[in-house]
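Shown next, in C-alpha cells, is the structure this report addresses.
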Amino acid sequence: MRKRKLPSWILALMLGVAAVALAFVVSLFVLLFSGMRLKEEAKRSYIYVRPGDSFSDVLAQLQTKADLDYLPSFVLLAKQLGYDKMLQAGAYEIKDGMTCRKLFDRIRQGKQSPIRLTFHNIRTKEQLAGRLGRQLFADSSSIINLFNDAHFIASKGLTPETSTIYFIPNTYELYWMATPEQVFNRMEREYKKFWNEERLALAAEIPLTPAQVSVLASIVEEETNKKHEAPIVAGLYINRLRKGMPLQADPTVKFAVNDFSLKRILRVHLAVESPYNTYRNPGLPPGPIRLPSPSNIDAVLRYDRNNYLYMCAKESLNGEHNFAATLEQHNRNAQKYRHALNRLKIYR
C-alpha cells in the first residue's frame, strides 16, 4: 500500500517551524556566550549576591549595569540551565565583554572576586565603621560593636582609644563577605607589614611606640595639609614632648569638643574636661584624633630636627604656618593671625 504524501504546504510549515525553533535555540546559545555591553558608568563593577537573594534580584542588578536587550530570552535559558537555583552569596566582578555564561558559572560555583576596600579622611571609629559598612556585606553596627568589644580589642594589644590604629588609610583587596573579625585581622597583618624593622628603629630613636607615632601623626595631619610642613610640625611637637611641655595642639581640642569646624579656639574650648585636651593634659592624647596617612606616619618618623616650640596659622590664611622658637615671636605671629580673622569677621 502506497504511503500518502503530506501536502506540500504542511511539509513547508513543518520545515519552517523547525527552522524557527533551531534559530531560537541557536540564538539563545549565542546570547549565552555573547559579551555583555556594560553601561559607561559601570565599566568595572560588581554583582552582589546576598544570602537569600533570588535570581530576580541578581538580574535587577545586572540590568542597571549592562545593556541586556535580550534579557527575556536570557532568563528563559538561564532557568533551563538551572542558574536560578544555584546562587552563592558573594561579590562577582563584571567586565565589559564578559559573557553571561561566565558570570553565572562563577556565581554558581561561588568564585568570588575580591573587592577594593578604600578608606581615607576618617576621624572617628564611627566614621570608619560607616565607611566599611558601605563597602562590605557586614553592616556598620556589627563593625562598631567589634571596635567597642573590650575583650577582643585587648586580645589585639589595643585599648578602646587605639582600636582603629591598625586601619592605615589605603586601598586593600579582600572579599565582600568578610566578617568584621576577618577584616580586622587583615588590617592587623597589613599594619605589622607596614611597621618593618626600619620604621620600628626610627620610632625607638624618638623614642615613641608605633601606637604613639600614629597618635602624633594624627595631630600632624590635622594641623597641616601641606606636605612640606608635616616633618616640621612633627619636629616641633617632639621638641615639646622632650621638654615636658604640654602639646597645646588645637586639633585635639576640636576633637575633645567634637566640633571640627572651629576656626578659633576660645577659652571655653580650652577648659573642656577631656583626656584629648592637650592644653589641660601633658603628653600625647590616649588615641589618634584621625586615621593618619602613611605619609604622615613617615613624617613623624623622619621629623625635621628644628628648635621650634610654637606654631600659628599664617595671616595669609593659605593653610601654611609660621613657626617660632620663642614665645615672644609666637605671640607676634598669633597677633597677625587674629587680626586676619577679625578682618574677615571670623569669630569662632
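Since every read-out is calculated from the coordinates, none of them should be taken as a lab result. Being a predicted model, the structure only gives us computed values, none of them experimental. Glycine gets a Cβ as well: all are built from the backbone with ideal geometry, and neighbour counts include every protein chain shown.
Computed over every Cα-Cα pair of the range 197-343 and binned at 5 Å starting from 0, the pair-distance distribution P(r) comes out as 2, 10, 19, 23, 23, 14, 6, 2, 1, 0, 0 percent.
Considering only Leu132, Gly82, Leu158, the residue lying farthest towards the positive end of the dipole of the range 78-170 is Gly82, judged by Cα position with unit charges set on Cβ. Distance between the pseudo-spin-label points of Arg37 and Ser141 (7 Å out from Cα toward the beta carbon): 4.4 nm. What the Cβ-Cβ distance of Asp96 and Glu205 gives, at R0 = 41 Å and to the nearest 0.05, is a FRET efficiency of 0.20.
Take the Cβ-Cβ distance between His228 and Lys156 as r, set R0 to 41 Å, and report the resulting FRET efficiency rounded to the nearest 0.05. That pair, His228 with Lys156, gives E of 0.70. Counting beta carbons within 10 Å around each of Met177, Met245 and listing the fewest first gives the order Met245, Met177. Where Lys and Arg each count +1 and Asp and Glu each count -1, what net charge lies around Gly283 among other residues with Cβ under 15 Å from its Cβ? Net of charged neighbours comes to +3. Once both labels are positioned 7 Å from their Cα atoms along Cα-to-Cβ, the gap between Asp84 and Leu317 label points is 6.3 nm.
Residue separation of Asp149 and Thr326 scaled by 0.36 nm, minus their Cα-Cα distance, works out to 59.2 nm of gained length.
Using the Cα centre as the reference, give the magnitude of the dipole from point charges on the C-beta atoms of the range 116-194 (Lys, Arg: +1; Asp, Glu: -1; all else neutral), rounded to the nearest 20 debye. Don't skip to the end; give the middle numbers.
Values: 10 positive and 8 negative charges, 52 e Å.
Once rounded to the nearest 20, the dipole reads 260 debye.
Sorted on the mean count of surrounding Cβ atoms within 10 Å across their residues, most packed first, peptides 187-195, 88-96 read 88-96, 187-195. Each Lys or Arg adds one and each Asp or Glu subtracts one; over the other residues with Cβ under 12 Å from the Cβ of Pro160, this totals 0. Extending 7 Å from Cα along the Cβ direction at Leu266 and again at Gln182 yields two label points whose distance is 5.1 nm. Legend: ranking of residues Met86, Met311 from fewest to most surrounding C-beta atoms inside 10 Å; resulting order Met86, Met311. Hey, how many Å between the Cα centroid of the range 246-323 and the Cα centroid of the range 159-175? Here the answer is 22 Å between Cα centres. Amide H contacts of Tyr46 (H built 1.01 Å from N, in plane; Pro and chain starts excluded): Ile94 sit under 5 Å, all sequence-distant by 5 or more or on other chains.
Would you grab the residues whose amide H sits under 5 Å from the one on Asn170? Only those 5+ places off in sequence or on another chain, please, with H modelled 1.01 Å from N. Placed amide hydrogens put Phe119 under 5 Å from Asn170. Count Lys and Arg as plus one, Asp and Glu as minus one, and take only other residues whose Cβ is under 9 Å from that of Glu222; the net charge is then 0.
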